[in-house]
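Shown next, in structure tokens, is the structure this report addresses.
The values are calculated or read from the model by the stated rules, or taken from the named source; none is laboratory data. Values in this document were obtained by computation on a predicted structure and should not be read as measured data. All Cβ positions, even for glycine, are placed from backbone atoms using ideal geometry, and neighbour counts span all protein chains on display.
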Amino acid sequence: MSIERFLDNSPSSWMAGIGEHSDIVMSTRIRLARNLNGYRFPLAFTEDEAHKIDQSVSATLLDANEDLHKHFSSIQIKDLSELSRQVLVEKHLISPKLANSPMTGSVLLSDDESVSVMVNEEDHIRIQCLFPGLQIQEAYTQADAIDGLLEKELPYAFDEQFGYLTSCPTNTGTGLRASVMMHLPALTMTKQMNRIVTIISRLGMVVRGIYGEGSEALGNVYQVSNQTTLGKPEEDILADLQSITEQIIQKEREARNALLKHSSNTLEDRLYRSLGTLSYARIMTTDEAATCLSDVRLGIDIGLIKDVDVTILNECMVFMQPGFLQQYAGTTLNASERDMFRAKLLRERLQMGVTPKTKGEELT
Amino acid sequence: MICENCKQRPAKVTVTQVHNGEHFERHYCEVCANSLHPFYVEYKHDPLSLHQLLSNWFNHADQPVHQKQNRPQLVCDECGWSIQRFLDEGKFGCASCYTSFRKQLPNVLKRLHNGNTSHVGKAPGAFGEKLKLKKQIEAVRLQLKEAIEVERFEEAAKLRDEARELESKLAAGGDETHVD
Ligand SMILES: [Zn+2]
Ligand SMILES: [Zn+2]
């Protein structure tokens, strides 16, 4: 399968808008950090070490295609243009760190893009599983299977006291980072996020907005994840995240009901204005687009807006980013050109997402 | 203020970077901030906070440079990184650093992991087998004690043999047991 497949505008499986609580939890991600014995960590290794690690990890995983019932493609980061790297970053398939690394590194991607294994990022191996909706256990099971497979063939750096040895001491132990991406517009509108961020941080979890500041997140999307990796077994880390996520979902639903009860006219006006902006605006910044997409998503969730497909909104959050816009436009765009192109793309996508069911016509 | 990257839109986002121990502030518009530091970047603030945390913990932050250099330093044989470099970067150079700095690490890890300094949880094959064997032996010994207490000697003899077999497996490195 060619690399183009991963760069075009086809949606990744996590954007499908399925899975439990998918109206609030957009996606679940599991990341395992692993390193090999006998090679220094990427911060200190030589190009020769990088090359050898890359070869053995890639070969092991590509050989295991059948055992995993998944087909992987290996992509050398150095072979990619700068724009292609940016697109993979925007699609959450590689990290900016890997994209900008001067050393040999690669990413192994499953065809449905639910699994990406980064080689020579901050650690030798980073296994990532990205699932739609709230599927913490499912995503972990997948990551664990890949981990087991690599472990059989490759000598992992492990210590009886410290566990899996990682480049950064914040990952030492399980090397596990479990996170959920949540859309929390009502908690944001009712100014409850700061309080929630504070409470959660006391529970060994962390909440981040899009710029990591915590309070005002782009598009009201927040990432909740475990902060500690030492002293708690994997099952407990996952169970704690599950329980905290469920409680936040509950709070968000309560806040939505309260908004509907006490200010339904204001809310309805705001959500429809955003739909109008997305449908007709000619210039759109990332910020405005994210806000409008968040409003329309909320409108769909509370049953106000009925004729837009929610998967289109998931895709738009990704495809409206600068790299994708330029990939789609097939040319370099400056900032103001991007804003215009973004508005155009959103108009087109939104029309595609409108199902003409509202007119009462039967669709076959 | 105007965005440092595109020099077109107003700067709204401040990104703090640490490079060679120096802090730089970058001011971007939201479009550029999003492209240069997308949502996906996880824990991008960690290197800074971790660095501060480690420095404060070891009280190195305010010491003049020459003083630092005069102090005898722990160095990792494998990668050549000193413990000071680990503290400055907030990262290890290699897996052997964990062994080289083993004594100092609990103090660092404690701060990062809610007071925890030891791993519990999954372990790769050989290690996992060993741990499993140790737990099995413990369980069999407990059963053996119970059997002796209620004078079921036939069962006790069987359990004793079982415990011995497990112990010899453990002594052999725990590699013989198949992974299930
Ligand atoms: Zn800019
Ligand atoms: Zn080292």
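Does A:K232 satisfy being charged (D, E, K, R) and within 13 Å of another protein chain (Cβ to nearest Cβ)?
Judged against the criteria, A:K232 is a match.
Could you tell me how many of the residues in the stretch B:73-112 are among the aromatic types (F, W, Y) and more than 7 Å from chain A (Cβ to nearest Cβ)?
The number of residues fulfilling the criteria is 2.
Residue by residue through the stretch A:139-188, note down the ones that are among the aliphatic types (A, V, I, L, M) and more than 29 Å from A:A16 (Cα to Cα).
A:L154, A:A157, A:L165
Output the number of the condition that A:Q137 fails; it satisfies all remaining conditions of (1) modelled with pLDDT of 95 or more; (2) crowded, with 20+ Cβ neighbours inside 10 Å.
If we test A:Q137 against (1) modelled with pLDDT of 95 or more; (2) crowded, with 20+ Cβ neighbours inside 10 Å, just (2) comes out false.
Just give me the residues in the stretch B:76-114 being among the small types (G, A, S), surrounded by fewer than 22 Cβ atoms within 10 Å (Cβ to Cβ) and in a helix (DSSP H, G or I), in sequence order.
The answer is B:S96, and nothing else.
Does A:K251 satisfy being among the basic types (K, R) and within 14 Å of another protein chain (Cβ to nearest Cβ)?
No.
Scan the stretch A:145-163 for residues that are buried (at least 24 other Cβ atoms within 10 Å of the Cβ) and under 24 Å from the mean Cα position of the chain (by Cα) and jot them down.
Correct list: A:I146 only.
Would you please name the residue that is modelled with the highest pLDDT, looking only at residues in the stretch A:313-351 that are buried (at least 16 other Cβ atoms within 10 Å of the Cβ) and outside any helix (DSSP H, G or I)?
Across the stretch A:313-351, the extreme among qualifying residues is A:L333.
Just for the stretch A:53-102: of the residues that are free of Cβ contacts under 8 Å to residues at least 60 places away in the same chain, within 14 Å of another protein chain (Cβ to nearest Cβ) and aliphatic (A, V, I, L, M), which one is nearest to A:T332 (Cα to Cα)?
So, considering only residues that are free of Cβ contacts under 8 Å to residues at least 60 places away in the same chain, within 14 Å of another protein chain (Cβ to nearest Cβ) and aliphatic (A, V, I, L, M), the one nearest to A:T332 (Cα to Cα) is A:A99.
Is there a residue being assigned to a helix (DSSP H, G or I) and in contact (Cβ under 8 Å) with a residue 60 or more places away in the chain anywhere in the stretch A:303-312?
Yes; the residues of the stretch A:303-312 include at least one that is assigned to a helix (DSSP H, G or I) and in contact (Cβ under 8 Å) with a residue 60 or more places away in the chain.
Given the residues A:L43, A:L32, which is the only one that is surrounded by fewer than 22 Cβ atoms within 10 Å (Cβ to Cβ), touching a residue at least 60 places away in the same chain (Cβ under 8 Å) and within 14 Å of chain B (Cβ to nearest Cβ)?
The conditions single out A:L43.
Six or more apart or on different chains, Cβ atoms under 9 Å: show the pairs whose first residue is in the stretch B:84-95 and away from ligand 2 (no atom under 12 Å from the Cβ) and whose second is of a type in the set (D, E).
As it stands, the answer is B:G90/B:D46, since those pairs meet every condition given.
A quick yes/no check of all residues on (1) more than 20 Å from A:A178 (Cα to Cα); (2) touching an Asp or Glu at 6+ places or on another chain (Cβ under 6 Å); (3) at pLDDT 95 or above:
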| site | (1), (2), (3) |
| --- | --- |
| A:K232 | no, no, no |
| A:L238 | no, no, yes |
| A:L241 | no, no, yes |
| A:T245 | no, no, yes |
| A:E252 | yes, no, yes |
| A:H262 | yes, no, no |
| A:S279 | yes, no, no |
| A:T285 | yes, yes, no |
